[in-house]
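All remarks here apply to the structure that follows.
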Amino acid sequence: MRVILFVVLSFLGSQLYAQNFKVDFKLLITDAVWNVEDNISYDDGISYKLELVKFYTGNFRMYQQGKEVWNETGVYHLINSEKPASYSIQFPGTEKLQFDSISFCIGTDSLANVSGARSGDLDPLKGMYWTWNSGYINVKIEGTSPACKAFNNAFEYHMGGYLKPYETIQNIGFRVSSKELEIGVQLGEFMGKIDLTQQGTMIPGEDAVRLSKQFASCFRIK
Amino acid sequence: MKQRYFVIISFVLLVCLGFQMGGNRVVKFNVPKGWPKPVYDFDKHPLTVEGIELGRKLFYDTLLSADNTISCANCHTSFYAFTHIDHSMSHGISGKMGTRNSPALMNLAWSKLLMWDGAVNHIEVQALAPITNKDEMGESLEHVLEELQHSTIYPKLFAKAYSDTAITSERMLRSMAQFMLTLVSADSKYDSVMRKQSQFTAEELAGYKLFQKNCNSCHTEPLFTNNEFRNNGLQVYKTLNDLGRYKVTQRSEDSLMFKVPTLRNIEYSYPYMHDGRFKRFSQFLEHYVSGIKDGPTLSPELRNKIQLNVDERAQLTAFLLTLSDKSFIENKAFAFPE
């Protein structure tokens with residue numbers, strides 16, 4: 001009887017501590033959480049507001065001591081500032097998983113870009129698809145600045161492209177010690193390298209590659 | 001006892017009826033004998049009678065345009081091998097002028113890249129380009145789907161083709177692709193000769209030999225295109241400044257490269273080239289003989305001059321006319337749905 005009780009309690013106990021892996025993206029300007037209404041200004045008086053931040057993450061993989069133990073290959077999650085619930089990604093089926101590092105991509109791989117009509121987060125209805133040059137917009141950052149010379153002082157950075165040599169997908173990895181992972185996206189750092197007088201980038205090419213690398217470098221864990 | 005049999009038989013009949021109504025009738029895509037393997041994955045997404053019918057209805061529906069005047073068929077008309085006859089460049093809603101000639105649509109299952117510059121990389125996303133182009137149909141995907149959802153006929157047609165009435169972008173695009181994939185042209189006189197069911201005339205045969213010598217490397221049989229991109233030496237018009245595939249890839253080696261079009265049904269699909277600059281065979285033949293402009297990306301095959309005297313041009317013309325497939329342009333299954 002005691003053995004049975006022990007087994008049952010151990011089982012229940014293990015279920016309490018077992019949880020699914022969860023990633024929370026935090027969109028930040030330095031240490032503060034970014035909100036759409038924020039007016040961000042520099043010491044020299046130049047300021048800007050970000051109105052839209054959307055980007056794809058995908059191909060999440062978990063590793064234990066260098067060996068892959070789980071993957072979500074071909075699955076993409078759209079992080080969308082218009083839908084803050086999208087900042088959290090749950091990975092069902094990972095309760096019992098033990099891992100010490102993860103990797104994922106920012107953007108979409110070439111297979112996703114050549115596979116025709118897709119649904120879910122890859123649905124062209126999500127506003128992240130170039131109809132005139134088949135392929136996904138991996139990252140969208142839009143806003144306004146009094147310094148911006150474009151129409152309505154609006155800048156638009158649409159980074160995408162999968163054809164060589166201008167692939168914009170970025171792969172990053174982190175060592176992890178918790179099943180709840182907070183990843184900070186330092187938008188302020190990205191914008192710090194942007195020339196606010198410019199209109200932006202709307203096509204694949206060299207600029208899109210450079211900006212994609214710049215964006216990926218802003219992903220940090222605490 | 002009889003009553004029980006009646007119940008059983010009725011049940012079986014009802015189940016069969018259920019399959020007929022909700023089920024999809026798969027259509028096998030026939031690859032003509034000797035043709036290469038299609039690029040489209042028919043195993044992953046088989047054609048169905050209902051999917052094709054829905055796609056055809058959408059292809060011919062002006063609802064897909066902002067002012068309800070332009071359907072796909074406006075620029076891709078079945079009797080002209082699905083191109084826009086008599087138009088060097090097509091016009092869209094409100095009479096807006098486009099910048100390219102409407103390509104003839106056929107044998108798309110074998111094309112990896114679509115459009116003159118290969119901007120579209122899969123037949124399922126092809127429809128998105130003209131639908132959202134402001135000079136063509138000028139619509140948004142959201143609005144088109146809304147209109148379909150509010151229409152009296154489309155929910156039923158989507159339910160027939162798919163398991164329920166949900167009208168999604170994936171379903172709309174896939175069914176349009178299904179219809180376009182059925183546009184196969186493989187029944188011209190040339191095909192009949194290849195199947196040893198008829199013979200070329202002496203003139204056509206001479207033309208065929210000239211074709212094999214001068215044209216086949218790019219306009220490769222049996223598709224009459226190698227589905228690749230080439231610079232065929234057309235002079236750039238400064239007003240259009242169309243650099244072709246360079247716009248898509250941003251690579252200098254793709255400057256002035258355009259997709260090699262099929263020569264099938266060339267009799268019906270004038271005018272010719274990406275900007276429709278040539279109205280007659282004689283004009284493009286003259287181009288290949290004396291009009292080629294040299295440049296760093298010129299197709300290597302065209303660096304040596306093509307020589308065609310008057311008789312040879314007549315022979316080549318006779319051969320090109322054997323690529324006309326009347327059964328294709330007259331096929332009721334491709335025409336406006338009744």
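The values are calculated or read from the model by the stated rules, or taken from the named source; none is laboratory data. Quantities reported herein were computed from a predicted structural model and do not represent experimental measurements. Note that each Cβ is placed from the backbone with ideal geometry, even for glycine, and that neighbours are counted across all protein chains shown. Calculation scope for accessible area: heavy atoms of the full protein, side chains included, ligands and nucleic acids excluded. Shrake-Rupley method; radii C 1.70, N 1.55, O 1.52, S 1.80 Å.
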What total accessible surface area, summed over both chains, is buried at the interface between chains B and A, computed with a 1.4 Å probe and given in Å² to the nearest 100?
1700
For chain B, what's the relative contact order in percent, using C-alpha pairs closer than 8 Å and at least 6 residues apart?
21
The helix B:141-150 Cα axis meets the longest alpha-carbon principal axis of chain B at an angle in degrees, between 0 and 90 and rounded to 10, of 40
Quick one: putting +1 on the C-beta of Lys and Arg, -1 on the C-beta of Asp and Glu, what dipole do you get for the protein assembly as shown around its Cα centre, in Debye to the nearest 20?
1580
Positive-end extreme of charge dipole, the protein assembly as shown - chosen from A:Gln186, B:Val144, A:Gly120 (charges on Cβ):
A:Gly120
Based only on Cα atoms, what mean projected area does the convex hull of chain B have, in nm²?
21.1
Surrounding charge for B:Asp43, neighbours by C-beta under 14 angstrom, Lys/Arg +1, Asp/Glu -1, total +2
Counting only Cα, what are the radius of gyration and maximum Cα-Cα distance Dmax of region B:202-242, in Å?
14.2, 44
Overall Cα dimensions of the protein assembly as shown - principal axes, largest extent first, Å:
97, 93, 48
Charge dipole of region B:50-188 built from unit charges on the beta carbon (Lys, Arg +1; Asp, Glu -1), centred at mean Cα; most positive-end Cα among B:Thr77, B:Asn107, B:Ser90 is B:Asn107
Write down the accessible area per residue of the protein assembly as shown in Å², having rolled a 1.4 Å probe over the full set of protein chains.
51
Using unit Cβ charges (K, R positive; D, E negative) and no other charged atoms, how large, in debye to the nearest 20, is the dipole of region A:151-222 about its Cα centre?
340
How large is the convex hull of the C-alpha atoms of region B:157-278 per residue, in Å³?
181
With +1 on each Lys and Arg Cβ and -1 on each Asp and Glu Cβ, how big is the dipole of region A:105-191 about its Cα centre, in debye rounded to the nearest 20?
120
Label region A:172-222 by shape, choosing from rounded, prolate and oblate, from the square roots a ≥ b ≥ c of the eigenvalues of the Cα gyration tensor; if a/c is under 1.5 it is rounded, and otherwise prolate applies when a/b is larger than b/c, oblate when it is not.
prolate
Kindly express, to the nearest 10 degrees and within the range 0 to 90, the angle between helix A:206-216's C-alpha long axis and the longest C-alpha principal axis of chain A.
40
Checking the table A:Lys22/B:Lys44; A:Lys126/B:Lys134; A:Lys164/B:Lys247; A:Lys49/B:Lys134; B:Lys189/B:Lys209 against a 21 Å threshold on Cα-Cα, which pairs fail?
A:Lys22/B:Lys44; A:Lys49/B:Lys134
Express the C-alpha Rg of region A:1-133 as a ratio against the empirical globular expectation 2.2 N^0.38 Å, rounded to two decimals.
1.46
Carbon plus sulfur, as percent of the 1.4 Å-probe accessible area of the protein assembly as shown, comes to 56
Which one, B:Gln126, B:His45, A:Gly173, is farthest towards the positive end of the dipole of the protein assembly as shown when Lys and Arg carry +1 and Asp and Glu -1 on their Cβ?
B:His45
Against the rule of thumb 2.2 N^0.38 Å, how large the Cα Rg of chain A comes out
1.17
